[in-house]
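Read the structure below first, then the notes.
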Amino acid sequence: MDFFEKLGKKATETFNSAAEKTNKIASEAKIRIKMNDCKSKIKDIYQDIGKIVYQKFVLEGKIEVKEDIEEQLTKIKEYTDQIEEYEKQILELTNLKQCENCKNKIDKNAKFCPECGAKQPEEPVHEAEVLENEENQDEEEIIEDVSNEVEETLEDTVEEDNNNE
Ligand SMILES: [Zn+2]
């Protein structure tokens, strides 16, 4: 293999593995941002509930205020479900799952939990769902991250080649 062939191969290998890694990290970060957004929305809703209860119960003397906060309660449930969904996506992304018994994070393919020994239910595999929409979006980020690694590889390869001569 000549110098450029070797360089090209190395750079491609580095790019592929680094891109895959970076893609996962970027996807996880995105999910976490969305998750935090849900959490802060829930916090806002609790604040709204506080205001409504203060207004209705304390100021207006209304005993039964549940109907006044029905909408807020529904939203909290929605955001909580959404957060749970994001948590699942992150587990999927990192090849982990949650033990049904002790809730520890364990290997996705584990048949038994290494923490508590509980037998894990066999689940149908549904990978790739998470990444589908995210792909292609992070190319610039990936290229930026990877170009550093390629640069390093380039330096290594040049050094190696100089030693061979
Ligand atoms: Zn367990």
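The residues listed here are Glu70, Glu13, Glu84, Glu5; of these, the one that is under 30 Å from Glu100 (Cα atoms) and either in contact with a Cys (Cβ under 6 Å, 6 or more places away or on another chain) or not in a loop (DSSP other than H, G, I, E, B) (or both) is Glu84. Selection over the stretch 77-117 of residues that are over 15 Å from the mean Cα position of the chain (by Cα), surrounded by fewer than 16 Cβ atoms within 10 Å (Cβ to Cβ) and either under 24 Å from Asn36 (Cα atoms) or more than 10 Å from the ligand (Cβ to nearest atom) (or both) gives a count of 10. Among the criteria (1) within 30 Å of Asn23 (Cα to Cα); (2) away from the ligand (no atom under 16 Å from the Cβ), the one Asp48 does not fulfil is (1). Filtered by the rule that a residue be within 26 Å of the chain's Cα centre (by Cα) and either over 21 Å from Ile42 (Cβ atoms) or β-branched (Val, Ile, Thr) (or both), the stretch 56-76 gives Thr74, Ile76.
Remark: pairs (first residue in the stretch 1-17, farther than 13 Å from Glu149 by Cα; second residue part of a helix (DSSP H, G or I); Cβ separation under 8 Å; 6+ apart in sequence or on different chains) = Met1/Lys9; Phe3/Thr157; Phe3/Asp161; Lys6/Thr157; Lys6/Asp161.
May I ask you to verify whether Ile31 is part of a helix (DSSP H, G or I), modelled with pLDDT of 95 or more and of a type in the set (A, V, I, L, M, F, W, C)? Answer is yes for this residue.
The values are calculated or read from the model by the stated rules, or taken from the named source; none is laboratory data. The model shown is predicted, which means the values in this text are computed figures rather than measured ones. Using ideal geometry, Cβ is built from the backbone for each residue, glycine included, and neighbour counts are taken over all protein chains shown.
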